[in-house]
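The values are calculated or read from the model by the stated rules, or taken from the named source; none is laboratory data. Here the structure is a predicted model, which is why all the values come from computation and not from measurement. Please note: Cβ atoms are built from the backbone with ideal geometry, for glycine as well, and neighbour counts cover all protein chains shown.
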Amino acid sequence: MAAVYKHELTTTTPSFKPSLANKRIALVFFENSTRTRFSFEIAARHLGAGTLNFSAASSSISKGETLSDTIKNLEAMQVDAFVLRHPSSGAADLITGITSKAVINAGDGSHEHPTQALLDMFTLREYFGKIKGLKVIIIGDVLHSRVARSNIYGLLTTGAEVGICSPVTLMPPDVSRLGVTIFTDLDKAIAWADTAIVLRLQLERAASGYLPSLEEYSINYGLTDERLERIQKHLLVLHPGPINREIEISNNVADRIQPPGYSRSMLLEQVTNGVAVRMAVLNILLAQHTGIV
């Protein structure tokens, strides 16, 4: 039985111990981001750290400067950590080889997005009181999703059963080695699961031979009230965002925050939990050097 979850807004800002006072954190984002970038910035400021916001479009990258040189120059400005979002898989790992500072992967290509998986797992743990034994279905474009990969690794490590559901064209070629249950029928997938993580359909893929049309994808893999009513069970719904409304998820399912009903959306709770999880990550990596605990 899921714990009763109270969704409350507050007008007061909690106070936090400035465990990262005098630390500087560079937010180095080569791709657009709302939730991840702002939550890292809020997390850093809650802990007393200063932030530097890097924009590729207005930096020397536009003049031909390399990623390595950008990182080395920021390090020379006494930056203590890098939060990196980059379109190339492996970019975060590359940077760890050229800097002694902490590097946090905020999403690299279609490889991984570790802090998103951590906040998703935290959200599930907060709601269900456990992760071990949960059946989690990941729905959508698994092939190109860094969120899917990090969630699969994290959830399996903590004892969940993980399934994926997508068209065969959007499954990774090594899917049989991931340790997941494979579905191509969404009705069967959600009937099996306790909770669903819906992935953003990367719309640019529809014109690249992966899908016949957005309409066909929505009919077969869109999470809707009608589909949830057919299975006659409660399903907790997560989505890392941004969402494509009425394509991979209907408005009603995305916005439902209170029972009764056949689903419960945790999209905004995920955003809130993202700040807390990223505070924890920054604190673990950097607070040990401040003398403040």
Of the candidates Tyr153, Tyr217, Tyr210, the one satisfying the condition of being within 22 Å of Ala106 (Cα to Cα) and of a type in the set (Phe, Trp, Tyr) is Tyr153
Here the residues within the stretch 109-143 that are within 23 Å of Phe40 (Cβ to Cβ), of a type in the set (Gly, Ala, Ser) and crowded, with 18+ Cβ neighbours inside 10 Å are Ser110, Ala117
Those residues of the stretch 120-152 which are under 16 Å from the mean Cα position of the chain (by Cα) and either farther than 25 Å from Tyr210 by Cα or free of Cβ contacts under 8 Å to residues at least 12 places away in the same chain (or both) amount to Asp120, Met121, Phe122, Thr123, Leu124, Arg125
Expected single match for in a helix (DSSP H, G or I) and aliphatic (A, V, I, L, M) among Leu143, Leu155 is Leu155
The condition of being touching a residue at least 12 places away in the same chain (Cβ under 8 Å) and over 20 Å from Arg146 (Cα atoms) holds, among Gln232, Gln202, only for Gln232
Taking Thr157, is it out of contact with any Leu (no Cβ under 9 Å at 6 or more places or on another chain), within 25 Å of Ala92 (Cα to Cα) and polar (S, T, N, Q)? yes
Counting only helices (runs of 4 or more DSSP H) entirely within the stretch 34-129, those with at least 1 residues that are within 30 Å of Leu156 (Cα to Cα) are 35-46, 91-96, 114-128
Exactly one of Gly159, Gly209 is within 22 Å of the chain's Cα centre (by Cα) and surrounded by fewer than 16 Cβ atoms within 10 Å (Cβ to Cβ), and that residue is Gly159
By residue number, the members of the stretch 144-156 that are aliphatic (A, V, I, L, M) and either surrounded by fewer than 19 Cβ atoms within 10 Å (Cβ to Cβ) or at positive phi (or both) are Leu156
Here the qualifying pairs (Cβ atoms under 8 Å; residues six or more apart or on different chains; first in the stretch 99-118 and without any contact (Cβ under 8 Å) to a residue 40 or more places away in the chain and within 26 Å of Asn73 (Cβ to Cβ); second aromatic (Phe, Trp, Tyr) and buried (at least 24 other Cβ atoms within 10 Å of the Cβ)) come out as Thr99/Phe82; Lys101/Phe82; Val103/Phe82
Given the conditions (1) assigned by TED's automatic domain parsing to the domain that holds Ala43; (2) more than 29 Å from Ile284 (Cβ to Cβ), every one holds for Glu204 apart from (1)
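Condition check ((1) modelled with pLDDT under 95; (2) of a type in the set (Ser, Thr, Tyr); (3) under 18 Å from Ala106 (Cα atoms)) across all residues:
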| site | (1), (2), (3) |
| --- | --- |
| Ser15 | yes, yes, no |
| Ala21 | yes, no, no |
| Glu31 | yes, no, yes |
| His46 | no, no, no |
| Asn53 | yes, no, yes |
| Ser58 | yes, yes, no |
| Val83 | no, no, yes |
